[in-house]
Number of protein chains: 2
Amino acid sequence: MDTMQSQPSASLSTLLDQLRERLGAGAVLTGDDVTARSIDWLTGTPCHAGAIVRPGTPDELAETLRLCHAARQPVVTHGGLTGLVHGAEASPEELAISLERLDAIEAVDPVGATITVQAGAPLQKVQEAAEAAGLQFTLDLGARGSCTIGGNIATNAGGNRVIRYGMMRQQVLGLEAVLADGRVISSMSPMLKNNAGYDLKQLFIGSEGTLGIVTRAVLRLQPAMPDTRTALVACPSFDAMTGLLAHMRQTLGGELSAFEAMWRNHYRLLTDVSGRHAPPVGTESPFYVIIESQAIDADRHGARFDQALESAFEAGLLADAAIAQSDAQRDGLWAIREDIEGLVHLLSPLMTFDVSLPIGDMEGYVERVETTLQEQWPEGRLSVFGHLGDGNLHLMASVGSNDADTRHRVESCVYEPLAELGGSISAEHGIGLEKRNWLPISRSPDELALMATLKQALDPHGLLNRHKVVTYDTQDEH
Amino acid sequence: MDTMQSQPSASLSTLLDQLRERLGAGAVLTGDDVTARSIDWLTGTPCHAGAIVRPGTPDELAETLRLCHAARQPVVTHGGLTGLVHGAEASPEELAISLERLDAIEAVDPVGATITVQAGAPLQKVQEAAEAAGLQFTLDLGARGSCTIGGNIATNAGGNRVIRYGMMRQQVLGLEAVLADGRVISSMSPMLKNNAGYDLKQLFIGSEGTLGIVTRAVLRLQPAMPDTRTALVACPSFDAMTGLLAHMRQTLGGELSAFEAMWRNHYRLLTDVSGRHAPPVGTESPFYVIIESQAIDADRHGARFDQALESAFEAGLLADAAIAQSDAQRDGLWAIREDIEGLVHLLSPLMTFDVSLPIGDMEGYVERVETTLQEQWPEGRLSVFGHLGDGNLHLMASVGSNDADTRHRVESCVYEPLAELGGSISAEHGIGLEKRNWLPISRSPDELALMATLKQALDPHGLLNRHKVVTYDTQDEH
């Protein structure tokens, strides 16, 4: 393993001079320009990297990595910095590579329904470019304004519409990535079907920048769905909520685009308890769901949606429903689900979790986590919501402290029950530094060994986002 | 590279004795029991493997590979033997591993909408098990009765419904594979979202058994679509056909489940020319399409489908249409598209191709291939059809001979124009032995080098389906 240093080394200084020469002086940030940046919007932690380099083109990024490789300089990739698992953390002996200048929309093909973008392009910019072409880019999540496509790819992002369109992996047709040694793997095929050898792009999707740095992508677009219907409903029981999911799938078919569950602790906290939002339906039910459906035909779709809710009500699957009658009302419903700022404020210091498990086990799992947390922290609070149809829950815990020992104890409460349920410690947030030591909950020793084999094969000197995701031995001669 | 031998070696005999001891005598086939099997349904070529071993359980398969690894015994995996790129070819010094006894449907979960199967299960058996549970397994292709799930995964199969549900890769939630050294990588998660480290299953999907042997999988099921509407239509031009695709997508939205194009040379050959099928619409148009739509609601769906065709007719996108009024009529329409037996008979000796390219370039591409073939073989024949919405065409060529030199010249005609179009030499059939030397048409030297890096990392002795897909140096000490 590498030796740790307390400050930028002489070799880093030499490298930065080379980078300034090749990329221009403005491409390299040091000193206060580095620490003035925060790498974690939840805590405001400043960036401690030895420097930040900002390539202006994919070629400059490749050149940066070639120079870093020659100098055996470890790097950390920075996208929109909206991650939740300390993936952007960098130490003084590491060089941060920011993709902020690689933010171009290179092309939109309305006929082939594809968009070609650079990795630093913010998600929302891509969504808007697709809309302007009369199509839609279907990935959507709360951080859309800041998170980047490169980060979405590196973490295989999920979000609100996975139930209909799948995760980021399903949206990527072509990909270009730079390997640790600066070689460019350009597989920018716009084709839906391409079995000409190994599908190399899969290596870079969801591996959190540890096998290469994504520079560009060809993404799939979908037909625009002009009519959106949204409701927030209250369910009398967990079984009613899962019954409602099956019912909406059955009656709306492929039109169902979101089914976002909220446990009462979340719904109440953000309505009655805090007064941050007026409750659109009463707060006495144990479960709440935001249901969204998108379709081509406005008139009949509205009737289908209302009828589906009505028959669900008659079947006892929901106790009350508020159907949005305007865009403003729809935004108001979603605001309760997406008010992460409110949670940060109300549950400080906040610990966020992202797990997946079989839907049928969720009620018991949440009860168990709640009980074990309350035994240790009677004043602790838990807020639970998530993408029910995807088997994905987010748990927000607040137990009064956030130190490493407390954090580890809370993590035990959240992660350990997943082992026997066959659950995952990360549904969509990734592993980063934060969850690396918990991977054996979800992965076998042979799986972990194979991950290390891949890491060693693609990044033998351990230069890319080191210590994140996988544990491995570098072959570094130094 | 390994030395070639003309017959089973002494070390293979020793290994076979070990395998008989561990797996039972019936698990090992030799002599006539091997050569009586054909590895290629198109040509009837007999199997030349040194022996065939048939493990009865995933554990027995792992044990087989551990023994083979210890003996540095190269192996070739056999599934349903319906491949088209010589992926099953085995020489006398190779041991074929047949998955025919690993054909169990292990579990169906109607609530979670998943099915757990062994790799040797035929596709149709999986489709039927899903149907019995009120759901559907969406992958579908002509070889459904013989091809196996393991082969579908290893080749990332496509087929008729990719336009709606995606390829095999999109259907795989969990996967178990055995590495070259016999280690079992079991990632049998039924979860839709699981970002707990690298998504290892992606390595084994589409890599044609060169990185590991798939033993089991958890597959996604979809809601059953009780109502299917099918039509065969004639289009007055290529532009009308692509306009029709856009029109059907727009009017049917997500319900469109197949859009199978046929060039006139294919349609005429199987109707008028051969008399094998009565033509459901006249044979004077240049292009034909089978359009299929599947939905939940029988009554309104039929009206939507008819109306979509009617408005397409009014817009000049189609010249004539035959709408199936019964299951028998539907089967009759599909029979024209899927009559591969007829093609084998009529175009003997037949060469089959499977390419993808941007839809807008297809008309010119086919014309160019047709012209260059006719220049060299004035009596040659070409039949073209494919999954238009996926950018995937199948070309069937017959030029009177099938020897290696002729084959290479025909391949040049078909593959070389793809380079400048950014097309792929394999959309869904894979590479096998047949297309390996053509990979540089679709892949860069750096991509090919990365494939070799992966192969070396996972199969350092080059024991799995050697010489197929990738070119690499083994680290074998022998």
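A few notes on this one:
- Pair list, Cβ under 6 Å, 6 or more apart: the stretch A:111-130 residue at negative phi and within 14 Å of chain B (Cβ to nearest Cβ), other residue open to solvent by less than 20 Å² (accessible area, probe 1.4 Å) and at pLDDT 95 or above: A:Thr114/A:Val218; A:Thr116/A:Val218
- Failed condition for A:Arg216, given (1) within 19 Å of the chain's Cα centre (by Cα); (2) at the interface with another protein chain (Cβ under 7 Å from one of its Cβ atoms): (2)
- For B:Gly209: the one exception among (1) more than 19 Å from A:Val162 (Cβ to Cβ); (2) assigned to a strand (DSSP E or B); (3) more than 9 Å from chain A (Cβ to nearest Cβ): (2)
- Hey, B:Ala328 surrounded by fewer than 20 Cβ atoms within 10 Å (Cβ to Cβ) and touching a residue at least 24 places away in the same chain (Cβ under 8 Å) or not: no
- Scanning the stretch B:366-379 for residues being surrounded by 19 or more Cβ atoms within 10 Å (Cβ to Cβ) and touching a helix residue (DSSP H, G or I) at 6+ places or on another chain (Cβ under 6 Å) gives a total of 2.
- Test set (1) open to solvent by 40 Å² or more (accessible area, probe 1.4 Å); (2) modelled with pLDDT of 95 or more; (3) among the hydrophobic types (A, V, I, L, M, F, W, C) - B:Ala246 fails condition number: (2)
- Every condition in (1) surrounded by 23 or more Cβ atoms within 10 Å (Cβ to Cβ); (2) farther than 15 Å from B:Leu333 by Cβ holds for B:Gly302 except the one numbered (1).
- B:Gly159 falls short of the stated requirement of being open to solvent by 10 Å² or more (accessible area, probe 1.4 Å), touching a Leu at 6+ places or on another chain (Cβ under 9 Å) and not assigned by TED's automatic domain parsing to the domain that holds B:Glu63.
- Identity of the residue in the stretch B:274-306, in a helix (DSSP H, G or I) and at pLDDT 95 or above, that ends up nearest to the chain's Cα centre (by Cα): B:Phe305
- Checking A:Ser293 against (1) within 14 Å of another protein chain (Cβ to nearest Cβ); (2) more than 30 Å from B:Val218 (Cα to Cα); (3) in contact with a Leu (Cβ under 7 Å, 6 or more places away or on another chain); (4) among the polar types (S, T, N, Q), the condition it does not meet: (2)
- Considering residues of the stretch B:390-432 that are among the small types (Gly, Ala, Ser), surrounded by fewer than 24 Cβ atoms within 10 Å (Cβ to Cβ) and within 14 Å of chain A (Cβ to nearest Cβ) only, the residue nearest to B:Ala246 (Cα to Cα): B:Gly422
- Qualifying position, being within 15 Å of A:Trp263 (Cβ to Cβ) and modelled with pLDDT of 95 or more, among A:Val410, A:Val399, A:Val384: A:Val384
- Members of the stretch B:131-186 that are more than 13 Å from every other protein chain (Cβ to nearest Cβ), within 30 Å of B:Arg72 (Cα to Cα) and not in a loop (DSSP other than H, G, I, E, B): B:Thr148, B:Ile149, B:Gly150
- Residue among B:Glu63, B:Glu89 that alone is in contact with a Lys or Arg (Cβ under 7 Å, 6 or more places away or on another chain), outside the structural domain of B:Pro190 (by TED's automatic domain parsing) and open to solvent by 30 Å² or more (accessible area, probe 1.4 Å): B:Glu63
- Filter result (more than 7 Å from chain A (Cβ to nearest Cβ), modelled with pLDDT of 95 or more, open to solvent by 10 Å² or more (accessible area, probe 1.4 Å) and not in a helix (DSSP H, G or I)) within the stretch B:433-464: B:Pro460, B:His461
- Qualifying residues in the stretch A:336-365 (those that are out of contact with any Gly (no Cβ under 9 Å at 6 or more places or on another chain) and small (Gly, Ala, Ser)) - the one surrounded by the fewest Cβ atoms within 10 Å (Cβ to Cβ): A:Ser348
- Within the stretch B:213-243, restricting attention to residues that are of a type in the set (D, E, K, R) and closer than 30 Å to B:Leu318 by Cα, the residue that is most open to solvent (accessible area, probe 1.4 Å) is B:Asp239.
- Across the stretch A:191-203, not a single residue is classified as farther than 28 Å from B:Gly87 by Cβ, in the same structural domain as A:Gln124 (by TED's automatic domain parsing), at pLDDT 95 or above and of a type in the set (A, V, I, L, M).
- Selection status of A:Ala322, under 29 Å from the mean Cα position of the chain (by Cα) and surrounded by 16 or more Cβ atoms within 10 Å (Cβ to Cβ): yes
Rundown of residues vs (1) among the hydroxyl-bearing types (Ser, Thr, Tyr); (2) open to solvent by less than 20 Å² (accessible area, probe 1.4 Å); (3) assigned by TED's automatic domain parsing to the domain that holds B:Gln73; (4) under 14 Å from B:Pro92 (Cα atoms), yes/no style:
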site: B:Leu16; (1), (2), (3), (4): no, yes, yes, yes
site: B:Ala25; (1), (2), (3), (4): no, no, yes, no
site: B:Thr35; (1), (2), (3), (4): yes, no, yes, yes
site: B:Thr43; (1), (2), (3), (4): yes, no, yes, no
site: B:Asp59; (1), (2), (3), (4): no, no, yes, no
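- Positions within the stretch A:251-268 being among the hydroxyl-bearing types (Ser, Thr, Tyr) and either outside any helix (DSSP H, G or I) or open to solvent by 10 Å² or more (accessible area, probe 1.4 Å) (or both), in sequence order: A:Thr251, A:Ser257
The values are calculated or read from the model by the stated rules, or taken from the named source; none is laboratory data. Keep in mind that this is a model prediction, so the values were computed, not measured. When we count neighbours, we look across all protein chains shown, and the Cβ atoms used for this are built from the backbone with ideal geometry, even at glycine. With ligands, DNA and RNA removed, areas are computed over all heavy atoms of the protein, side chains included. Shrake-Rupley method; radii C 1.70, N 1.55, O 1.52, S 1.80 Å.
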